[in-house]
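J.: Starting off with a structure, shown below.
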Amino acid sequence: QVQLVESGGGLVQAGGSLRLSCAASGLIFRGYGMGWFRRAPGKEREFVAAISWSGTTYYADFVKGRFTISRDNAKATVYLQMNSLKPEDTAVYYCAATLRNGVLVVELNYDYWGQGTQVTVSS
């Protein structure tokens, strides 16, 4: 049974930082592409960042230079370091896993999803 468990969300002031973690189990982690998505209140879920099995990274334009995705295959964990947070970053953040490493920005290509972790950025 595949499980993805996010942690690290919380309340932070604008300009602050948070580090999200997503611990995976029940899959051969090193072969999966991993992504972070978010859903803000009243909006559709959107792509944030992704990392392929080989370490290639992808970012949405609105987080470039502020967020960094990384992975630790030994710990079967993917991270999202979020710096210079803005109120518009407030959302539930989800991690996801896929074997389709060539199309990591597309939500529909992900096979497994976590339950999400809330990030709230106050102004």
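J.: What residue, of GLY55, GLY102, is closer than 12 Å to GLY33 by Cα, open to solvent by 50 Å² or more (accessible area, probe 1.4 Å), outside any helix (DSSP H, G or I) and in contact with a strand residue (DSSP E or B) (Cβ under 9 Å, 6 or more places away or on another chain)?
T.: On the way: GLY55 fails: open to solvent by 50 Å² or more (accessible area, probe 1.4 Å).
It is GLY102.
J.: For VAL78, are the conditions met, namely being β-branched (Val, Ile, Thr), farther than 20 Å from ALA14 by Cβ and assigned to a loop (DSSP other than H, G, I, E, B)?
T.: Here the answer is no, as VAL78 does not meet what is asked.
J.: Checking THR77 against (1) β-branched (Val, Ile, Thr); (2) loosely packed, with under 14 Cβ neighbours inside 10 Å; (3) touching a residue at least 12 places away in the same chain (Cβ under 8 Å), which test does it fail?
T.: Among (1) β-branched (Val, Ile, Thr); (2) loosely packed, with under 14 Cβ neighbours inside 10 Å; (3) touching a residue at least 12 places away in the same chain (Cβ under 8 Å), the lone unmet condition for THR77 is (2).
J.: Any chance you could count how many residues in region 1-52 are in contact with a strand residue (DSSP E or B) (Cβ under 8 Å, 6 or more places away or on another chain), open to solvent by 60 Å² or more (accessible area, probe 1.4 Å) and within 21 Å of ASN101 (Cβ to Cβ)?
T.: Going through region 1-52 one residue at a time, the tally reaches 2.
J.: Ok, one more. Quickly run through region 80-89 and pick out the residues that are on the phi < 0 side of the Ramachandran plot and surrounded by fewer than 19 Cβ atoms within 10 Å (Cβ to Cβ). Talk me through it step by step, then tell me what you get.
T.: As a first pass, look at region 80-89 and keep what is on the phi < 0 side of the Ramachandran plot: 80-83, 85-89.
Of everything in region 80-89, those that are on the phi < 0 side of the Ramachandran plot and surrounded by fewer than 19 Cβ atoms within 10 Å (Cβ to Cβ) turn out to be GLN81, ASN83, LYS86, PRO87, GLU88.
The values are calculated or read from the model by the stated rules, or taken from the named source; none is laboratory data. Everything numeric in this text was worked out from a predicted model, so none of it was measured. We place every Cβ from the backbone using ideal geometry, glycine too, and count neighbours over all the protein chains shown. Just so you know, the surface numbers come from the protein's heavy atoms only, side chains and all, with ligands and any DNA or RNA stripped out. Shrake-Rupley method; radii C 1.70, N 1.55, O 1.52, S 1.80 Å.
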